[in-house]
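The values are calculated or read from the model by the stated rules, or taken from the named source; none is laboratory data. Computed from a prediction, not measured in an experiment: that's the story for all the values here. Ideal geometry is used to build each Cβ from the backbone, glycine not excepted, and the neighbour counts take in all protein chains shown. Note: areas computed on protein heavy atoms with side chains; ligands, DNA, RNA excluded. Shrake-Rupley method; radii C 1.70, N 1.55, O 1.52, S 1.80 Å.
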2 protein chains.
Amino acid sequence: MPDKTPDQPRIAGVSFSLYPMCDNFVDLILSAIKKVDSSKVWMKTDRVSTIVRGRIPHIFDVTQAAFLEIAKTGEHVVYSATFSVGCPGDTEGHAYMDADEKTLNRELIEAVDQKLSAKFALYPMGGGNYMDPIYEQIEAMKDHGVDVELTHYETMLDGPAQNIFNGLQSVLQAMEDAGSAHTVMTATLSANSPSA
Amino acid sequence: MPDKTPDQPRIAGVSFSLYPMCDNFVDLILSAIKKVDSSKVWMKTDRVSTIVRGRIPHIFDVTQAAFLEIAKTGEHVVYSATFSVGCPGDTEGHAYMDADEKTLNRELIEAVDQKLSAKFALYPMGGGNYMDPIYEQIEAMKDHGVDVELTHYETMLDGPAQNIFNGLQSVLQAMEDAGSAHTVMTATLSANSPSA
């Protein structure tokens, strides 16, 4: 594992999708993407998901803003994501690591007051005691004002979108700060669900 | 890790969701669930996803049938799933392991001829050389008549739904047969996408 200092963060990334459950899903997605400033990340959509790569604060900022732009319409929409840092099979390509940490979409994000139900799972790869950081990070989630409930395979989260995104970003950052070689985190966030 | 023989498989499970991108998504989901015979699995829907637990063939059979019931309407629909076997934090509860392996929904499944674009990722937990089984299982996917393409964080799969589901089921079974202590696999399957 290469040395890391606060000045040399590793490239983080996410494969994410937005699923608006309505007939005009294409328009909602395209218009959300258009409103978000993604100039500090590498971003590419393929036929299954969108890959966003760059510094941790920016991959959360960009994907959260796009999600909330759709959620604020009131339509039921789900954000599904796999975050990754340090995958041995990954390349150094598509890096936007020279960007500073100032996020570009706070105004969009803070304009939306949205409750979410969510699930997340943390997969610290390659280590023997991988359950310990998982339990620690589930505990830490409570410090962000998120309701936490254990269920099969994942952990259920309920709370304001801001708190849940802050919590998820803190988990990934904490794993990096602790020197995790390779971290994967999945998250499914649901807004405006009729079953809520 | 407890001993395992072919007569004593471990309980497998999946947290999965179906996302029909249309106004009548609730009706489509409820009617699909109603048509599927889930009597050989434990199944529970919460406010984010549905948990299905039981033997490996049944968790694939039930979720594949529900997905294809929606896909055959022609609507864009996504199947998103996290499969897990052997999670140390899991309980023995909700087991349906006394069911035999005969699947109950083959007729529904085989009636639907559906192309999919998909992504999957395999996370063998707790082991040092975890990248080797990942690369092996990506190779093995090609034996099922699935087109495989490497991309960031996940592997892209294209092909008939039958082939992709067979491939995914074989990956999880192969990991069990090889004695993996704890296996997680995520899959995102997209049908009828306008971007395909």
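At-a-glance table
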read-out: Qualifying residue in segment B:54-70 (condition: surrounded by fewer than 22 Cβ atoms within 10 Å (Cβ to Cβ), touching a Ser or Thr at 6+ places or on another chain (Cβ under 9 Å) and in a loop (DSSP other than H, G, I, E, B)); value: no
read-out: Unmet criterion (only one of (1) surrounded by fewer than 22 Cβ atoms within 10 Å (Cβ to Cβ); (2) within 14 Å of another protein chain (Cβ to nearest Cβ)) for A:Leu122; value: (1)
read-out: Number of the condition not met by B:Gly179 [criteria: (1) in a loop (DSSP other than H, G, I, E, B); (2) within 11 Å of chain A (Cβ to nearest Cβ)]; value: (2)
read-out: Tally, over segment A:175-196, of residues that are over 24 Å from A:Val112 (Cβ atoms) and in contact (Cβ under 8 Å) with a residue 40 or more places away in the chain; value: 9
read-out: From the options B:Ala174, B:Ala161, residue that is within 15 Å of the chain's Cα centre (by Cα), closer than 23 Å to B:Phe67 by Cα and at pLDDT 95 or above; value: B:Ala161
read-out: Tally of residues being among the acidic types (Asp, Glu) and within 15 Å of A:Glu107 (Cβ to Cβ) across segment A:38-68; value: 1
read-out: Looking only at segment A:141-152, and only at residues there that are outside any helix (DSSP H, G or I) and at pLDDT 95 or above, the one that is most open to solvent (accessible area, probe 1.4 Å); value: A:Asp147
read-out: Segment B:63-92 residues that are more than 13 Å from chain A (Cβ to nearest Cβ), paired with ones that are assigned to a loop (DSSP other than H, G, I, E, B) and open to solvent by less than 10 Å² (accessible area, probe 1.4 Å) (beta carbon under 6 Å, 6 or more apart); value: B:Ala65/B:Asn105
read-out: Criterion: closer than 20 Å to B:Arg55 by Cβ and either surrounded by 22 or more Cβ atoms within 10 Å (Cβ to Cβ) or within 13 Å of chain A (Cβ to nearest Cβ) (or both) - qualifying residue of B:Asn166, B:Asn105, B:Asn192; value: B:Asn105
read-out: Complete set of residues in segment B:154-182 that are under 25 Å from A:His182 (Cα atoms) and in contact with a Gly (Cβ under 6 Å, 6 or more places away or on another chain); value: B:Ala181, B:His182
read-out: Within segment B:17-53, considering residues that are surrounded by fewer than 21 Cβ atoms within 10 Å (Cβ to Cβ) and of a type in the set (Lys, Arg), the one nearest to the other protein chains (Cβ to nearest Cβ); value: B:Arg47
read-out: B:Tyr135 being of a type outside the set (Val, Ile, Thr), within 12 Å of chain A (Cβ to nearest Cβ) and surrounded by fewer than 17 Cβ atoms within 10 Å (Cβ to Cβ); value: yes
read-out: Tally of residues being at pLDDT 95 or above, assigned to a loop (DSSP other than H, G, I, E, B) and under 16 Å from the mean Cα position of the chain (by Cα) across segment B:1-28; value: 0
